[in-house]
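The block underneath contains the structure these notes are about, expressed in C-alpha cells.
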Amino acid sequence: MGLALKTYPTLTAAGEALAAQATARYIGGGTLVVRDANEGDLRFDTYVSASDPELSAIAVTDGQATIGAGVTMAGIVREPALGFLAPAAKAVGGPAIRNMATVGGNLFAPTPYGDFTVALVALDASLDIEGAAVPVTDFLTGRETIYARALVRAVSFRLPAEGSFRFAKVSRIRPKGLSIVTIAAVVEERSGAITSARIAYGCMADRPIRAPAVERALIGKARTKDGIAAALAVATEGTSPPTDAIASAWYRSEVLPVHLGRLLLSP
Amino acid sequence: MAMKHGRGVAAVNYPTGMNLGGDPTQALVHSTPTGNFMVTLSSVDLGQGMKQIMAQICAETIGVPTERVIVDTADTDTGPHCMGTFASRGTHRAGNAVIAAAKEARQVMLEVAAEELEVNASDLDTDGAGNIHVRGAPQRSISIFDTALAAHFKRGRSISGRGMFLIPRSYPDTETGAMKPSTCYAHACTVAEVEVDDETGEVNVLTVKNVFEIGRALNPKMVEQQLVGGSWMGISHALYETTEPYYPSREHGGRDFNEYLMPGPGDLAETEVIVLERPAADGPYGAKGPGEMCANPQIPAIANAIFDAVGVRVDTLPITPERILRALKAKAAQESAEAVAH
Amino acid sequence: MELRKTYFADERKDDLKEIGQPRLRSDALGHVTGTTTFFADRNLPGLLHLKMVRSPHHHARIRSIDLSEAEKHPGVVRILTAADVPHNVYTILILIQVGPEDETVLATDKVRWKGEAVVAILADSERAAQEAAAKVKVDYEVLPAVLSIEEALAPGAPIVNEYHGQNYYRYDSGECRKVRYGDVEAGFAGADHILEQTYGSGPIEHAPTETTGCIVVPEGSGRFTCYTNTQAMFFTLDNASIILQMDGAKLHMVGGTVGGGFGGKVDVTVEPIAILGAKLTGRPVSFIYSREEEMQISSPRAAEKLVIKDGVMKDGRIVARYVKAYIDAGAYSRHSPYGAQKSAAHFPGPYTVPNVWVDSYCVYTNRTPSSAMRGFGVTIGDFALEVQMDKLARLVGMDPLEFRFVNAYRDGDMKAHRQPTEGAALIECMQEASRAARWPVAEKYLAMSSARREG
Amino acid sequence: MTKVPVQFVLNGEEKAEFVESGATLLRALREKIGDTSVKAGCQQGTCGSCAVVVDGELRLSCLTLAERCGGCSIETTGGLAHGEVLHPLQRAFNEGFATQCGFCTPGMIMAAKALLDRNPQPSREDVVEAISGNICRCTGYEPIIQAILAAARANSLSAA
C-alpha cells in the first residue's frame, strides 16, 4: 500500500500516534527515513511528523545551550552563539542535506553517518526524551532497543570554554564524504596542563563512543607531542571499528592515533 | 608526519573503433526545400556530443554553416544501422559515414546549382556561408536556399546522399594471433605530481600534465571537455574506484554515491591538457577516438609518482590509503629486520 | 587546453571552416534549461513498474518458486518467470557470432551470481511491486561458489556456467587468445635482466548519473516503442528480437540522449523483459534500475589479474615481453570474451618488442557479470604495463621517460600482432610532456620522430 | 492510497495538485506537474540531480515530501529562463561548455543558484562547497566551477 504522512501539532501527539501504530515512523528532515522508503523499506507505511515550533528553537543562556531536535545542520551553522559547532554541522552532507537534516535525526544516523552526534558526545549532551533527561551516551547505547522509537525533543549541553572544542572529520572525499573517523574533543587547559578532557569518536564502533582511556591519559599532561604520547598509545582502547565501503577496521585503527594526535596538537 | 612529494610518468596508445573491425555505421543526408540539411543516423549521443560533431562534419563536407545542419539520431525506424557508441568508434565510424553521405548530397547540390547557373558542376565551389559560386568568379553565384528550392520544385532532384563506413572484420590467427585489431591509434603521455602522507597513506594529486594526440580536434572545446573529464576519471580509477573494496570478497560494495568513491570538487588536481594532431589516414578529417584513451595514462602515472614519493609499490587498483599504509608498514618492518640482521 | 600545432604541421591542412571551430554544442541549451528529454522524462497513463526479484546467493539451485502470495498482492498486474521468456538463454555478442548463448534473462534452475534476475513483478506502483517482490518465495539450495580468478582456474573447481563447461571462455585458439611473435624464450635467455611482476584490479562501476532503464509503450499497430538509454540501438533491437522471438519489424527503439554511458549501457538487460511485460499486459512498462542496482547489479569493468615478465638489456631495450592476462568475467560472457581478445591485441603496448608472448583469458566466477567500460580491455593493462615500464627503467638505472623513448614504436615497426605501425605519435607526446612538465630528457630523444628512425 | 491536495508556487506560478500522501516532491514535480527538469539520479540523497530551491533554500526533492511543501515557493531549473532570455548561470554553463550528458546540469544549476542568491561574489572554495552534494560523472567538475564563477562575474558586471 502507499505511504501516508500524518502531521501533529505537538511532539506529544506525534509520539502517541507513533506508539499506536507499529508501521509508523517519525520523520524529521526526511534524509534517512524517506531514503528508506524510496529504497523499498516495507517495515513502515506511515510518516509521522510534528509541526511543534519548539522543535526548531535554539536557546543559549547562562552558558547552557538547548537545541530543538528539529533544528537543521544549516540552522546550527547560522547560529552565532554556536559558532564553535559549525565545523561539526558542516561535516554533515552537502548544502542541500544540511538544509534538511536535523539534530534529532543525526542521533539516529547509523555509522558511518552521524558526525554531528560525535560532537554532542564530546559535549556530554543531555537529551530531552519525553521530559526525561537522558545522557547522549545512554541514548546511543539503547538506540536500537529501548530508544528505538523514542522522540527526542531537544539536546542541551554546557557551552565549552572558549577554544576548548576541537573537531575533525577524516574523509576520502572533499569537501563532502563519508567518515573514515570523526573525532570531537573538549580539552581544557590551565597553566600548560590539561585539566579536563572529553574525547568522542565516530566510526570507531557501530555508534559514536567516548574514549575514556584517552581522557584519563591526558589529564595533567601538556598539550605537546610528548605530553599526549601516552594518550595516543591507548587511542584505540575500547574501540571496535567497522569495515565498510570507506575503510577497513584495520585502517581505522591504524590512523586513529595519527588523526587524534593532529587534532589535539592543532593550534 | 611527513608529506612526501613524487612524480611519475606514463605513456599509452589506444585503438579507435571496435577491436578487429566488422562494425558498420551508416548515414543518410538530405536537404529540406529551404536548404537545411538533415543527417539521419542511429548512433547514440552519450553526452560526449556526437550530435554536434556530426553536424560540424556534415557542414564542412557540404560547405554550409553548422547551424544549417540538423542531426536526427537514434530512432531505429528512421536511422540507418549503427553498431553503437562504444570502443571510441562514434566519431570515427559515424563521421566517415556522414562524410560519404554528405559528399553524395553535395554533388547533387552542385549539379542542380550548375543547371541553374548554366555552368559545369565541376567548376562550382561553396563559400561556407550558404552560397555556391563559380570558382574564380564569385559574382556568378546562387544561394543554397535557392538551389534547394530549384531542386525540389523545378528540377525534381533529391539533394541527398547515402554513407557507409565499414572496416572489414579481421579474424586472428589461432596460433600466432596475427590480426588487424584497429586502423588508427590515439596517443598520450601524462606526468603526475603527488604528495603522500606517510602516516596515513593518503594521496593528493597536485598536478597532472596530459599530452594527447588525437588525430584532429574536430571541435576543440568539446575535445577539451572529454579530455578534462577523462583525466579526472583516470585519477578516480587510480585512487578511489571499485564496486568491491575487498575484492574478491563481495562484502561492502558501495550502493550509492557516498559509498562509491570518486574525487569530489575539492579533490581536483591542477590539470593541464595539451593536444597534438597527427591526422589518421582513415579518420574523418583525420580524427581518431580520444574518449577512452584520455582516462588511461593518469592511472600508472600516479602509481609511479606514489613510488617516487614514498618508495612503495601498490600493484593493485585502486591504490587506496590502506594499501599504501600496509606497504609502508611492510617496508618499515623489512628495513628494521635488515638493520637487525646487519 | 592548448593545441600544439607545431607537431605534424606538414601532415595537416588547417584551412577548414567548420572543423576545428569551437562551436557551441547544439544540445547544451536543452541541458541548461532542463528541457532535454531523457528516456524517463515522459508520463504515460497506466504505466506499470517492473521490479526484479534477485538472487541473494552467489550460486544456488532453485528448487521451487512460489508466486501465490505475490500474485494476490493489490496492484500486481503480472508476474514473469523464465517460462514466459520465449528464448530465455541468450548472449549479446551472438550478433557477431561470439557464442555460446550462456545467460538466462530470468533464472531457470540455477542462479550463478548474487543479484541475478529470477522473477519480474509488474505492478501499478513501485511500492506495490516492491511489496509483491517481498512475497515471492524462492527455495534455494546453496551451492559452493567460485569468487576469484584463482579459485575458478583451480583443479576441481565447481563449474560456474555449464554452457561453457569449464571456467574460462574457449576461443578458436584454445583456452585463451594467443599472440606469438619472435622467440620469447630466446629473448629472455639473451636479456641482461628479467623482471616478472603481477598486477591486479577490483571491479569498477561506470556510475553514470542516469541509471540504466527503458519505458516501453505497446502501440495500436501491434508494435512496441521502447524509449531507452542504450548505447547501441540495434544491439538492443536485435537481441530483443531474438530473446522475444519477435519480428524485428515490431520493435521500435528510440534513444540517443543518454545521461552518461562510459560503456555501462551496452548490455541488453532491461529492454527485452520490459517489452515482454508490455506485450503480456498491453500496458506501458517502465524498468529503471535503482541506484543500488546500477552500482551492484549492472555490469562493472572487470577485475583483472596480469602477470608481466620482461627481458631488458642494460641499454634499456626490451627484448622479450610475456603477458598472461586474466579477465574476471563474472558468471556470464556479455562482452568479456571480446574484451579479453582486445586485451591480447593491445600488448605489448606502444613499444616495439621483438619477442612477445601473450595469453589472454576470459574467466568465469560467481560474480556480477562484468562487461564493457571506457578503455575496455586496455585500461588495466596500461596500468600494469606502465608501472612495469617504470620498474624496468629503475632496474637498468635509466630515467623512466628516456626509457620509454628507447622502446617507443615508430611508423613501419612491426607489432606483435603482425601489423606494421602507422600514424604513431607516442614520441611526440613524450617530447611535449617533457617540455610541459619540465622533465628534461637527452637531446637525442627530443630529436626523435615517430615518422622515421634515425640514421 | 490517500490523495491530498497540495498548493505551492512553482517558478512563480500557482500550482494545485492532488498527490499521494507520502509522495516525494520529486515525484510530484515530475509526474503530476510535468516539470521533468528535476532528475531522479539516485533517490537516496546522494547525487543532487533532483535539487530544487524551496523558499530560498537548496533541497533534495527526492527526500522531501510534497505535502510538506504546501504554501512554499519552489524554484527549478525548468523555470529559470525568462522566455528566451537565459539566467546568467544557464548562459555560463552553455558558453563555458560545462555540460556534457546534461543529466546533472539542472541540479547543479540549482545548487549554484542557491549559492549566488546568498553570496553573489563567491570564492572558488564557496563554489566547491556549494556543489559538493552534486555528482557529475562527465566533466571532472572544473568546467562547472568555472561556469559558476563566470556567472557571478557576469552578475556583478550587470549590477555595476
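In this structure, the pairs whose alpha-carbon distance is over 26 Å, taken from A:Lys169/C:Lys305; C:Lys114/C:Lys137; B:Lys209/C:Lys444; C:Lys114/D:Lys3, are A:Lys169/C:Lys305; C:Lys114/D:Lys3.
Ignoring aspartates and glutamates fewer than eight residues from C:Lys309 along the same chain, the ones with Cα atoms less than 15 angstrom from its Cα are B:Asp315, C:Asp183, C:Glu185, C:Asp192, C:Glu196, C:Asp359, C:Asp382, C:Glu386, C:Asp390. Expressed to the nearest 5 percent, the antiparallel share of DSSP beta bridges inside region C:144-298 is 70 percent. Largest first, the extents of the alpha carbon coordinates of chain C on the three principal axes equal 81, 62, 35 Å. Kindly identify region C:213-296 as rounded, prolate or oblate by the Cα gyration tensor criterion: order the square roots of the eigenvalues as a ≥ b ≥ c, call it rounded if a/c is under 1.5, otherwise compare a/b with b/c, prolate if a/b is larger, else oblate. Cα axes put region C:213-296 in the prolate bin. Across region A:4-50, the relative contact order, built from alpha-carbon pairs under 8 Å that are at least six residues apart, equals 57 percent. Peptide C:36-47 shows a mean partner chain C-beta count of 3 within 10 Å per residue C-beta.
With contacts taken as Cα pairs under 8 Å at a separation of at least 6 residues, region A:165-265 carries a relative contact order of 23 percent.
Scanning chain C for cysteines with no neighbouring cysteine C-beta under 4.7 angstrom from their C-beta gives C:Cys176, C:Cys214, C:Cys226, C:Cys362. The protection proxy used here, the mean number of other Cβ atoms lying within 10 Å of each residue, ranks peptides B:328-336, C:322-330, C:277-285 as follows, highest first: C:322-330, C:277-285, B:328-336. What value, in deg cm²/dmol to 500, does the helix sum -39500 (n - 2.57) over DSSP H runs of n ≥ 4 give at 222 nm once divided by the residues of chain C? Theoretical 222 nm ellipticity from helices: -7000 deg cm²/dmol. Each Cα pair under 8 Å and six or more residues apart adds its sequence gap; the mean of these over the residue count of chain C is a relative contact order of 17 percent.
Full extension of the chain segment joining A:Arg223 with A:Ala161 gains 20.7 nm, where the gain is 0.36 nm per residue of separation less the Cα-Cα distance. Using the Cβ-Cβ distance between C:Ala186 and B:Leu206 with R0 set to 41 Å, the FRET efficiency from 1/(1 + (r/R0)^6) comes to roughly 0.40. Only helical runs count toward this figure. For chain A, summing -39,500 (n - 2.57) over DSSP H runs of n ≥ 4 and dividing by all residues gives -8000 deg cm²/dmol at 222 nm. Among the residues of B:270-276, the average count of other protein chain beta-carbon atoms within 10 Å of the residue beta-carbon is 6. DSSP assigns beta bridges within chain C; of those with both partners inside it, close to 80 percent run antiparallel.
Projected label points at A:Ala86 and A:Val60, each 7 Å from Cα along the beta carbon direction, are separated by 1.1 nanometres. Exposure proxy for B:Val211, B:Val310: other Cβ atoms within 10 Å of each Cβ, ordered fewest to most, give B:Val310, B:Val211. Mean per-residue shielding of peptide B:180-186 is 5, counting Cβ atoms of other chains within 10 Å of each Cβ. Relative protection proxy for A:260-266, D:91-97, from highest mean packing down: D:91-97, A:260-266 (other beta-carbon atoms within 10 angstrom). With pairing defined as another cysteine C-beta under 4.7 Å, the cysteines of chain B that fail it are B:Cys58, B:Cys82, B:Cys184, B:Cys294. Packing around the peptides C:220-230, B:153-163, taken as the average count of other Cβ atoms within 10 Å per residue, puts them in this order, highest first: C:220-230, B:153-163.
Mean-square fluctuations from a GNM of chain B, with a 10 angstrom spring cutoff on Cα atoms, peak among B:Asn258, B:Asn210, B:Asn19 at B:Asn258. Extending 7 Å from the Cα toward the beta-carbon at both C:Leu95 and C:Ser449 defines two label points whose distance is 4.3 nm. Remark: spin-label model distance A:Glu39-B:Tyr246 equals 1.8 nm, labels positioned 7 Å along the Cα→Cβ axis. Give the lysines reachable from C:Lys250 as a straight Cα distance under 23 Å; neighbours fewer than 8 places away on the same chain don't count. C:Lys250 reaches C:Lys265, C:Lys279. For the cross-link pairs C:Lys324/C:Lys391; A:Lys176/D:Lys15; C:Lys51/D:Lys113; A:Lys225/B:Lys329, the ones whose C-alpha atoms lie over 25 Å apart are A:Lys176/D:Lys15; C:Lys51/D:Lys113. Taking 0.36 nm per residue of separation and subtracting the Cα-Cα distance, full extension of the segment from C:Lys13 to C:Glu422 would add 145.3 nm. With neighbours defined as other Cβ atoms within 10 Å of a residue's Cβ, the residues D:Met108, C:Met398, B:Met109, B:Met164 order from fewest to most as B:Met164, C:Met398, B:Met109, D:Met108.
Coordinate-derived values only; no laboratory data. Small disclaimer: the values here were computed from a predicted structure and weren't measured. As a convention, Cβ positions derive from the backbone with ideal geometry for all residues, glycine included, and neighbour counts pool all protein chains shown.
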